[in-house]
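The values are calculated or read from the model by the stated rules, or taken from the named source; none is laboratory data. None of these values were measured; they are calculated from a predicted model. No Cβ is skipped: glycine too gets one built from the backbone with ideal geometry, and neighbour counts run over all protein chains shown.
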Amino acid sequence: MPELPEVETIRRQLSQKIIGKKLNGKVVNQTLRRGKILIIEFQDKTNLIFHLKLTGQLLINAEPSNYTRKVFIFNDKTKLIFNDARKFGWFKIVTAKELLNIEKKLGPEPLEISQKAFNALIKIKSNSRIKILLMDQSIIAGIGNIYASEILFVSGVKPDRLVKELREEEIKRIFIAMRSVLKKAIKMGGSSIRDYIDTIGDRGSYAKEHKVYQKEKCFVCGSKIKKIMLSGRSSYFCPKCQR
């Protein structure tokens, strides 16, 4: 947390609040997102970028707290507060070239890639577990533990399946589920499990739509949700609905 839907929610809200304003003499040109990275682009093509990691928050005109790491003040006195309880998140100013180098390390956006390109891309790491691959930012940018779990439930695929064992039909279901889950999560402002809030302090409502992540029983068949560890991460799935 936060993952693509949460960062996209923040990006959209910031675009309504800071575009055209000045920060340290630089005019904000646009707000962008690449995977889980939030980008504030200035007219001189330098960029202020954020990675919120586990507990990062960006709030507009809030009061600083014990977890505030930085307060950005725009020319009209608008304040952008960066909070981070765990201090894993980061921000920095980068040039257009430096940003491009960062972006080159990321895979394509899951809401922009075609079905054909997705099929070819995931086969690059055919010996990978499908859930681990979905969370690999060099393959697909923006998906983390929560949404990988939800995508695989919707597509009916167990998280520990090897990519090379997946049928074409299953890969297609994963692609369709990836798009539908992420789009709905964005529409609902993301998922608030612990620390995530948007720029006005509201919690995302998509957590109430979660089917397996941190759930006890499957809402479809009533089976007990199982949890396994994959690459050190908790992975939830329904043993009956996911094959």
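Observations on the structure shown:
- Cross-chain or 6+ apart pairs with Cβ under 6 Å, region 187-203 first and free of Cβ contacts under 8 Å to residues at least 40 places away in the same chain and more than 12 Å from residue 11 (Cα to Cα), then assigned to a loop (DSSP other than H, G, I, E, B) and among the basic types (Lys, Arg): 192/203
- Qualifying position, being farther than 16 Å from residue 107 by Cβ and assigned to a helix (DSSP H, G or I), among 133, 152: 152
- Filter pass, residue 60 being in contact with a helix residue (DSSP H, G or I) (Cβ under 9 Å, 6 or more places away or on another chain), in the same structural domain as residue 190 (by TED's automatic domain parsing) and either of a type in the set (Lys, Arg) or in contact (Cβ under 8 Å) with a residue 24 or more places away in the chain (or both): no
- Number of residues in region 190-203 that are within 23 Å of residue 227 (Cβ to Cβ) and either touching a helix residue (DSSP H, G or I) at 6+ places or on another chain (Cβ under 8 Å) or at pLDDT 95 or above (or both): the value is 5.
- Of the criteria (1) assigned to a loop (DSSP other than H, G, I, E, B); (2) within 22 Å of residue 186 (Cα to Cα), which one residue 64 fails: (2)
- Complete set of residues in region 197-239 that are farther than 28 Å from residue 85 by Cα, in contact with a Pro (Cβ under 9 Å, 6 or more places away or on another chain) and assigned to a strand (DSSP E or B): 224, 226, 237
- Number of the condition not met by residue 102 [criteria: (1) within 16 Å of residue 18 (Cα to Cα); (2) of a type in the set (A, V, I, L, M); (3) in contact (Cβ under 8 Å) with a residue 12 or more places away in the chain; (4) not in a loop (DSSP other than H, G, I, E, B)]: (1)
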